[in-house]
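The values are calculated or read from the model by the stated rules, or taken from the named source; none is laboratory data. All figures in this text were calculated on a predicted structure; none of them were measured in a lab. Here the Cβ is made from the backbone with ideal geometry for all residues, glycine too, and neighbour counts use every protein chain on show. Heads up: the accessible areas ignore ligands, DNA and RNA and are worked out on the full protein's heavy atoms, side chains in. Shrake-Rupley method; radii C 1.70, N 1.55, O 1.52, S 1.80 Å.
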Amino acid sequence: MELAGVVEALGPKATKWRVGDKVYGDTSNGGLGTFAEFVSVPEDELRRIPEGLSFVEAAAIPHALELAYQAVVGLGKLKDGERVLINGGGGGVGTFALQLAKRQRCTVWGVDTGEKLQAMMAMGFDRVIDYTQQDFTQLGERFDLVVDARTKRSAGELARALAPNGRYVTVGGDPGRLIALLFARWFGRRSRQSGTKRMHILALKSNKNLDDLAPLLSSSALKPVIDGPYAFHELPRLIRRFGEGLHTGKVVVRVLEEQ
Ligand SMILES: NC(=O)c1ccc[n+]([C@@H]2O[C@H](COP(=O)([O-])OP(=O)(O)OC[C@H]3O[C@@H](n4cnc5c(N)ncnc54)[C@H](OP(=O)(O)O)[C@@H]3O)[C@@H](O)[C@H]2O)c1
């Protein structure tokens with residue numbers, strides 16, 4: 001659902017782009033399916049690739065960076081120097097959320113597993129937790145912002161990891177838990193039982209901030225963590241690899257050799 005490439009042809013009503021333009025984008029609103037040499041995409045789902053980025057770098061950005069940015073800056077309203085925990089820190093969203101939080105001089109803990117933990121420390125996490133060994137809601141640690149890419153707990157359990165005025169933002173997870181969170185939020189709002197802790201479920205607005213973030217991408221202030229790039233014929237293996245969670249950051253597949 002995300003791609004980077006060159007405009008080859010334009011539909012009769014297309015006005016935004018020219019043939020030859022280098023573009024990228026999250027196509028989840030305009031129809032899925034980007035594992036192809038040619039993809040027909042509504043022109044509004046595309047943005048100009050920031051100066052200096054390769055197609056491989058650009059392809060790793062739209063979905064994960066927007067989820068991370070809308071979670072950390074949008075709903076999370078992160079303030080300088082706060083304490084942040086990112087559950088699923090070794091994935092696409094987590095690795096961008098780390099960089100955004102570090103730009104605001106925050107202390108950032110990451111939860112994930114396996115070899116990713118060492119890679120996450122090298123990326124700049126201040127502390128990593130192995131979710132197969134420890135439950136971050138049982139550590140007695142409190143965070144101003146928790147960003148969750150794998151919601152698997154109840155609102156009550158998650159609230160334990162929040163400091164007063166703490167914000168919890170989920171970008172995804174177990175559907176049952178997300179629905180329960182929705183009810184907990186609604187019920188909390190009605191009965192003010194949630195006190196000062198806020199729980200949010202993010203609904204992605206694809207490609208919304210990419211142009212504003214382009215200077216940070218061009219200057220490498222924000223950099224995608226890439227797993228790959230791999231060749232097109234490796235796709236079946238890579239989908240299994242993603243499913244088994246063996247990837248770190250974003251898995252990128254090269255469909256055509258860069259000209
Ligand atoms: N909100 C929206 O509008 C929207 C739109 C599209 C996608 N999404 C969601 O966005 C999320 C995508 O995040 P992503 O690209 O960062 O995914 P990702 O690359 O798969 O990263 C998720 C990370 O979480 C780890 N993980 C798995 N189970 C965990 C657990 N129990 N506790 C802690 N970490 C765990 C995974 O590692 P292992 O697998 O090795 O454990 C992986 O490193 C998905 O949940 C997707 O459903 C949301």
Exercise for review: For the chain, set up a Gaussian network in which alpha carbons nearer than 10 Å are linked by springs, and say which option among 161, 14, 60 fluctuates the most.
Suggested key: 14
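Given all pairs of different Cα atoms, what value in angstroms does the Kirkwood hydrodynamic radius of the chain take?
Mean inverse Cα-Cα distance, inverted, gives 19.2 Å.
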Revision key, fill the gap. Note to self: with every protein chain in place and a 1.4 Å probe, region 66-201 gives an accessible area per residue in Å² of 47
Practice item. Go through region 1-65 and name the chymotrypsin sites (Phe, Trp or Tyr not before Pro) that are in a DSSP coil and have 11 or fewer other Cβ atoms within 10 Å of their Cβ. Key: 38
Practice item. Express the C-alpha Rg of region 175-255 as a ratio against the empirical globular expectation 2.2 N^0.38 Å, rounded to two decimals. Key: 1.64
Practice item. For region 37-177, take the alpha-carbon Rg, divide it by the Kirkwood Rh, and send me Rg/Rh. Key: 1.01
Exercise for review: Roll a 1.4 angstrom probe over the protein heavy atoms and tell me the percent of accessible area of the chain that is carbon or sulfur.
Suggested key: 53
Point to revise | Per-residue [θ]222 nm for the chain (sum of -39500 (n - 2.57) over DSSP H runs n ≥ 4, rounded to 500) | key: -8000 deg cm²/dmol
Review point. Of the cross-linked pairs 102/152; 152/208; 77/223, which ones have a Cα-Cα span greater than 23 Å in the structure shown?
Key: 102/152; 152/208
Exercise for review: Quote the relative contact order of the chain in percent (integer), defining contacts as alpha-carbon pairs under 8 Å separated by 6+ residues.
Suggested key: 19
